[in-house]
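Asker: The following block contains the structure, expressed as structure tokens.
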Amino acid sequence: MAHATAVPRRLPYLLIAPAALLMLGFIAYPVLSVFYYSLQHYNVTKPWKNGFAGLDNFTRIFTEDPLFWSTLGFSAKWVVVQVGLQLALGLVLALLVNQTFVGRAFARALVFSPWAVSGVLTTTIWMLLYNPSTGLSRYLADAGIGAYGTSVLSDTGTVFWAAVLAELWRGVPFFAILILADLQSIPRDLYEAASVDG
């Protein structure tokens with residue numbers, strides 16, 4: 001009897017063990033590998049100079065590299081803008097498709113479809129849209145807006161926002177799905193009580 005009760009207790013751990021091992025292999029190993037190489041002198045063209053570097057690489061980055069701080073600031077700007085806009089726009093979309101209206105199922109499919117597109121295909125689509133010869137800029141130039149041959153990806157003033165727009169197209173639906181799932185989990189009684197209370 002004692003043996004029969006011991007097996008069900010171990011069963012959940014046995015069932016999640018394959019997934020846990022895969023996560024350990026695909027997440028923990030790359031992180032530890034990057035940390036290991038960050039402490040090494042590693043140059044594939046000069047392997048005889050490879051060896052343990054200690055914290056020299058970090059010291060050089062923080063004190064001697066002129067691009068590190070500007071790159072770090074750019075990355076922080078990217079994260080703040082992307083997360084902020086994806087959260088705000090995702091909330092708006094989730095609130096819209098959470099309403100009851102004719103064609104709601106089609107609207108939800110339309111809103112969520114960019115998230116189902118692969119990253120490679122998304123990149124290809126936006127590269128074609130931003131292409132100065134065949135993309136949107138050519139048609140805008142045909143309409144008298146802008147000049148021929150201009151590309152938003154080659155201008156330092158517009159490339160950031162062009163990349164932001166492309167990433168928002170794919171990222172906003174993911175936030176909308178998560179927020180909509182939370183909205184759907186709220187009982188109708190709370191909505192009715194809120195409408196009664198004003």
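The values are calculated or read from the model by the stated rules, or taken from the named source; none is laboratory data. As the structure is a computational prediction, the values presented were derived from the model and not from experiment. A quick note on method: Cβ atoms are made from the backbone with ideal geometry, for glycine too, and the neighbour counts reach across all protein chains shown.
Asker: Is segment 72-79 home to any residue that is exposed (fewer than 12 other Cβ atoms within 10 Å of the Cβ), farther than 29 Å from Ala166 by Cα and either touching a Phe, Trp or Tyr at 6+ places or on another chain (Cβ under 7 Å) or among the hydrophobic types (A, V, I, L, M, F, W, C) (or both)?
Answerer: no
Asker: Give segment 82-141 a look and list any residue that's closer than 18 Å to Val172 by Cα, outside any helix (DSSP H, G or I) and of a type in the set (Ser, Thr, Tyr), or say none.
Answerer: Within segment 82-141, Ser118 is the sole residue that qualifies.
Listed here are the residues, each with its yes/no results for (1) in a helix (DSSP H, G or I); (2) in the same structural domain as Phe160 (by TED's automatic domain parsing).
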residue	(1), (2)
Leu15	yes, no
Pro18	yes, no
Leu21	yes, no
Leu24	yes, no
Tyr29	yes, no
Val34	yes, no
Val44	no, no
Thr71	yes, yes
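Asker: Among the residues of segment 133-143, is any loosely packed, with under 10 Cβ neighbours inside 10 Å, assigned by TED's automatic domain parsing to the domain that holds Ser118 and in contact (Cβ under 8 Å) with a residue 60 or more places away in the chain?
Answerer: Among the residues of segment 133-143, not one is loosely packed, with under 10 Cβ neighbours inside 10 Å, assigned by TED's automatic domain parsing to the domain that holds Ser118 and in contact (Cβ under 8 Å) with a residue 60 or more places away in the chain, which makes the answer no.
Asker: Among Ala88, Ala53, Ala76, which is the only one that is among the aliphatic types (A, V, I, L, M) and not assigned by TED's automatic domain parsing to the domain that holds Asp182?
Answerer: Just one listed residue meets the conditions, Ala53.
Asker: Here are some residues: Asn98, Asn57. Which one is surrounded by 13 or more Cβ atoms within 10 Å (Cβ to Cβ) and either in contact with a Ser or Thr (Cβ under 8 Å, 6 or more places away or on another chain) or acidic (Asp, Glu) (or both)?
Answerer: Asn57
Asker: Continuing with this model, one more query. Kindly evaluate Ile16 against the criterion of being surrounded by 10 or more Cβ atoms within 10 Å (Cβ to Cβ) and farther than 30 Å from Ala181 by Cα. First the steps, then the outcome.
Answerer: Working: surrounded by 10 or more Cβ atoms within 10 Å (Cβ to Cβ): yes; farther than 30 Å from Ala181 by Cα: no.
It is false that Ile16 is surrounded by 10 or more Cβ atoms within 10 Å (Cβ to Cβ) and farther than 30 Å from Ala181 by Cα.
Asker: Let me ask something else. With the condition kept exactly as written, say whether any residue in segment 115-132 is over 22 Å from Ala162 (Cβ atoms) and surrounded by 12 or more Cβ atoms within 10 Å (Cβ to Cβ).
Answerer: No, there is no match, as no residue in segment 115-132 is over 22 Å from Ala162 (Cβ atoms) and surrounded by 12 or more Cβ atoms within 10 Å (Cβ to Cβ).
Asker: So if I check each of Leu183, Leu153, which one is in a helix (DSSP H, G or I), hydrophobic (A, V, I, L, M, F, W, C) and surrounded by 10 or more Cβ atoms within 10 Å (Cβ to Cβ)? Even if it seems obvious, please write down each step before you answer.
Answerer: Numbers: Leu153 fails: in a helix (DSSP H, G or I).
Result of the check over Leu183, Leu153: Leu183.
Asker: Between Phe35, Phe26, Phe52, which is exposed (fewer than 10 other Cβ atoms within 10 Å of the Cβ), farther than 30 Å from Val164 by Cβ and under 29 Å from the mean Cα position of the chain (by Cα)?
Answerer: Details: Phe26 fails: farther than 30 Å from Val164 by Cβ; Phe52 fails: under 29 Å from the mean Cα position of the chain (by Cα).
Of Phe35, Phe26, Phe52, the one residue that is exposed (fewer than 10 other Cβ atoms within 10 Å of the Cβ), farther than 30 Å from Val164 by Cβ and under 29 Å from the mean Cα position of the chain (by Cα) is Phe35.
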